[in-house]
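Heads up, the thing below is written out as structure tokens.
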Amino acid sequence: MKNTMLLLILCFILSHLDAQNFKHHDFLGAGHDNGITVTTSSSTTTAKGTKTVDGFPIDNDEQLKDASRFLAQSTFGADMPTIQMTAAMGYEAWLDEQFSLPQTKIFPKMYQQSALYATPEELGEEAGLYKPWYESAWMHNNLTAADLLRQRMTFILSQIMVINNNSDLFEDNSQMGGNYYDLLGNNAFENYRSLINDVTLSPAMGLFLSHYNNPKADPSKNIHPDENYAREIMQLFSIGLWELDEYGRRKYDADNQFIPTYTNADIKEFAQVFTGLGDGSPGGVFGDMDEEGDGEGDFFKSIITPMKMYDAFHDTSEKNLLNDVTLPAGQSGMEDIAQTLDHLSSHANTAPFLTKSLIKFLTTSNPSDAYVKRVVDVFNPFEENNFQKVIKAILLDPEARNCQRSDTYTFGKLREPLMRYLNYLRAFPLSSSTGEFLYEFGDVLANTGQAPLRAPSVFNFFLPDYSPQGPINQQYRVAPEFQILNSTNSIGLVNLINGLSIERNYLASDVIDGDELSGAVPSYQVDFSEVEAMASNSSALINYLDILLANGLLTTETKGIIKQAVEHLSNPADRVKMASYLIMISPDCAILK
């Protein structure tokens, strides 16, 4: 079946392939460091630094395959110099370097791009920036940023602690979404307690899960605290629905039933905790946001400033939390919130629930009990920079690094469609005529089911325990990403890859509408020249692209099919386009093992 589909696609492409030559432009940065000798710096003018990366560039295929696979787990994708450098540095050294890099933020890039391209009435901090400026800044950063690991971790956190920026308020004021995304990025290498505090006080989260201006109960007016955030902070952001052991397995009661972590009564108690939070801007008041500019607070500050507590609207009664923990009556609102967040951070479920989720996003959908336990053992919600230890434990674990197959081999995951798309964009040098990448995600969302901050609900694009019918379900395994694999986006992704490779129409269909721009619309160009130099040797070309795009996971059978197609072509550019396209749409590339 696989062979037949590939050959049918080949016939269609060969009949429509445009063999013209294209002009290429290279650019500097984003890991393009081929030929550079890395040395330590010195505090004296006479000392010469010490060489710290030896044997670069690496040309051992097995080392490069493993480095490519490591980067596929930890980033949105990498070009060959980055793969070579990572192989030469070693993975722990690469992680340490990534932890040390400054955060590349979305928020300032939104203003920078709008200052260059927005119409005059849209400019300035007191003007709403419509949603495409957030998406454009996101794409620009993820095509050019050096902090590859932080960018990947931020996207993962945005899928765990979800907001959706599709509401009218987010649409016209994307500062809120950009600020929230940067908040997640700022916490990506910190610790859980810091993260959950910032998420709880974020106005974006407060509006999305309705604890912004959440008042205490007033039975005479039939007012009761909103329960949304109280429910989701437990269900999705901390402890999950079922009690877990230290291996991430569900516990059973005496009747062999799963044990719920909380009840509806618990949600009502927690809802009282999250009352009294409102506009954190100077002059802000508890009540509706100042969208009309009537002087009650600063709207454009309120959507990016952490919420503050208005104790007059906070429930000061005693609150019964989980596991017989009680908050005494008469405390301030922030005391209640701080103690509640400490309580959830320390809960026995939080470590296995959160770390298992991170493992599923990064390396494998079905980690072994021992793998989960090893990561749980380093999780400390209060330790400074603890997420760095957690990330290392996940990515450097023997199960994650072992590439050896066995009869019981179950390691791996379906790549998210947006990950496959970004992987291709990051693989080759890509330049912009203006130095900026302007981009809207409408076409990508329609064709893949994914776009940043566009999850359709608080449950993300897919459920973490989704198990498709068939062999996976029959073996009691999960494959979360398969929930968004359907006939629409499976073909849609193929069409997107066709546009990126065969047509080489980079980003053009998704550029922000030129009628809304004051400056010239950028044009984009991919540089295939280095790869085209090896195109005369089809086997060498395919092996190179296998490492670059498929992390060395192509089977001999798939390579043979691609080679047959490539050898029907004579133009080097056409050979590269054909090989890269068929690799990207192959089943071997779809599954990260």
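Some values worked out for this structure:
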| read-out | value |
| --- | --- |
| Inter-probe distance in nm under a simple model that places probes 7 Å from Cα toward Cβ, at residue 529 and residue 368 | 4.8 nm |
| Cβ-derived FRET efficiency at R0 22 Å, residue 591 paired with residue 60, nearest 0.05 | 0.35 |
| Share of carbon and sulfur in the accessible heavy-atom surface of segment 432-495 [1.4 Å probe, %] | 54 percent |
| Rough spin-label spacing in nm, given labels placed 7 Å along Cα→Cβ, for residue 335 and residue 487 | 6.2 nm |
| Net charge of Cβ neighbours under 15 Å - reference residue 415; Lys, Arg +1; Asp, Glu -1 | +4 |
| Residue-count net charge about residue 538 - beta-carbon cut-off 10 Å; Lys, Arg +1, Asp, Glu -1 | +2 |
| Where segment 526-593 is the region considered: accessible area per residue in Å², 1.4 Å probe | 32 Å² |
| Per residue accessible area in Å² of segment 232-389, where ligands, DNA and RNA are left out and the probe is 1.4 Å | 43 Å² |
| Average accessible surface area per residue within segment 71-120, 1.4 Å rolling probe, Å² | 33 Å² |
| Percent accessible area from carbon and sulfur atoms, segment 133-207, protein chains only, probe 1.4 Å | 42 percent |
| Stretch gain in nm, segment residue 571-residue 103, where the contour uses 0.36 nm per residue and the Cα spacing is subtracted | 164.3 nm |
| Percent carbon-and-sulfur accessible area, segment 245-377, ignoring ligands, DNA and RNA, probe 1.4 Å | 48 percent |
| Residues in segment 65-94 reached by a label modelled at residue 112 [backbone nitrogen below 20 Å; 7 Å Cα→Cβ] | 76 |
| Qualifying lysines (Cα of each under 22 Å from Cα of residue 131; at least 8 residues distant if same chain) | 105, 109, 301 |
| Volume per residue that the Cα convex hull of segment 383-483 spans, once the total is divided by residue count, Å³ | 198 Å³ |
| Nearest-0.05 FRET efficiency for residue 410 and residue 186, computed from C-beta distance (R0 41 Å) | 0.70 |
| FRET efficiency, residue 288 to residue 164 (Cβ-Cβ, R0 22 Å, nearest 0.05) | 0.60 |
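The values are calculated or read from the model by the stated rules, or taken from the named source; none is laboratory data. As the structure is a prediction and not an experimental result, all values here were calculated from the model. Neighbour counts run over all protein chains shown; Cβ positions are idealised from the backbone, glycine included. Only protein heavy atoms, including side chains, enter the accessible area calculation; ligands, DNA and RNA are left aside. Shrake-Rupley method; radii C 1.70, N 1.55, O 1.52, S 1.80 Å.
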